[in-house]
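Single-structure report; data block below.
The values are calculated or read from the model by the stated rules, or taken from the named source; none is laboratory data. These numbers were taken from a predicted model, which means no experiment stands behind them. Because the Cβ atoms are built from the backbone with ideal geometry, glycine has one as well, and the counts that use them run over all protein chains shown. Note: areas computed on protein heavy atoms with side chains; ligands, DNA, RNA excluded. Shrake-Rupley method; radii C 1.70, N 1.55, O 1.52, S 1.80 Å.
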Amino acid sequence: MSIKILLLEDDKLFNETLQDFLEEEGFEVDTVLDPYSALDLTYKHPYDLYLFDVNLPYENGFDLLKKLRESGDVTPTIFLTSREDKASLTQGFETGADDYMKKPIDLDELLLRIGALLRRQARKDRVNIGAYVLDIVAKTLYLQDEALEVTQKAVELLVLLVEAKGEVVSSEIIKNRLWAAGQHASDGSLRVYVTQLKKYFPDNIVNVRGIGYKWVS
């Protein structure tokens, strides 16, 4: 399965250059020129990596990533920017970036950094939760190497709650992450997936009335 990248770069020529290069290297690339279009795509498709410019129309890349991180999106992110000041570098990492490259971008170096980041991410793809093992990529929950009968959306919900590390995740955010645009997402459907998970984690998932759910270790 190919690695899917979302590229946000408002310089159209550079955007096209990066897209051509990455696709030649075997990646699947969606490109956008502004942060609003990028945000829309993150709700419609899961990505393996974000490549974000910082200086953008409407709002900067830092603000966009902050919104994504607050919604529970932990997709690995590399900022590509012409900013050279230490304050911007600090802000980028504090916002939740995994790496930061200054323009002009050396394409071979970008490829090396993408590979290193994806390898680090792969080591995090299996998470131990008590006696259970959660495979984030395969969307499968295991008990003693036996795959349990848990639907993919229930596993996606489990990932979202565990990665929130005790913070409440609103029902609206959960629906936006679990259901693609145009799909019907109801509170009843969400409760079905919560019930599935409570079969295995009866004391870990807490309903915060009127808001959403949180994971309690």
Exercise. Quick one: how many residues across the stretch 6-24 are in contact with a helix residue (DSSP H, G or I) (Cβ under 6 Å, 6 or more places away or on another chain) and over 18 Å from residue 55 (Cα atoms)?
Worked result: 1
Problem set entry | Residue list for the stretch 206-217, restricted to those being buried (at least 19 other Cβ atoms within 10 Å of the Cβ) and either within 12 Å of residue 154 (Cα to Cα) or among the hydroxyl-bearing types (Ser, Thr, Tyr) (or both) | 213
Exercise. Hey, among the residues in the stretch 75-103 that are touching a strand residue (DSSP E or B) at 6+ places or on another chain (Cβ under 6 Å) and among the polar types (S, T, N, Q), which one's surrounded by the fewest Cβ atoms within 10 Å (Cβ to Cβ)?
Worked result: 75
For this session: Give the number of residues within the stretch 44-74 that are outside any helix (DSSP H, G or I), buried (at least 18 other Cβ atoms within 10 Å of the Cβ) and in contact (Cβ under 8 Å) with a residue 40 or more places away in the chain.
Result: 11
Exercise. In the stretch 22-33, which residue that is in contact with a strand residue (DSSP E or B) (Cβ under 6 Å, 6 or more places away or on another chain) and not in a strand (DSSP E or B) is surrounded by the fewest Cβ atoms within 10 Å (Cβ to Cβ)?
Worked result: 23
Exercise. Do we find a residue being small (Gly, Ala, Ser) and in contact with a Pro (Cβ under 9 Å, 6 or more places away or on another chain) anywhere in the stretch 31-50?
Worked result: no
For this session: Take the stretch 106-123 and flag every residue that is touching a residue at least 60 places away in the same chain (Cβ under 8 Å), more than 21 Å from residue 72 (Cα to Cα) and open to solvent by 20 Å² or more (accessible area, probe 1.4 Å).
Result: 107, 111
Exercise. So which strands (runs of 3 or more DSSP E) are wholly in the stretch 126-204 and hold at least 3 residues that are closer than 21 Å to residue 216 by Cα and open to solvent by less than 70 Å² (accessible area, probe 1.4 Å)?
Worked result: 132-135, 140-143
Problem set entry | Checking residue 15 against (1) part of a helix (DSSP H, G or I); (2) open to solvent by less than 40 Å² (accessible area, probe 1.4 Å); (3) under 24 Å from residue 176 (Cα atoms), the condition it does not meet | (3)
Problem set entry | residue 83 vs. criteria in a helix (DSSP H, G or I), in contact with a helix residue (DSSP H, G or I) (Cβ under 9 Å, 6 or more places away or on another chain) and of a type in the set (Lys, Arg) | no
For this session: Restrict the check to the stretch 34-43 and report whether at least one residue is modelled with pLDDT under 90, over 20 Å from residue 102 (Cα atoms) and open to solvent by 60 Å² or more (accessible area, probe 1.4 Å).
Result: yes
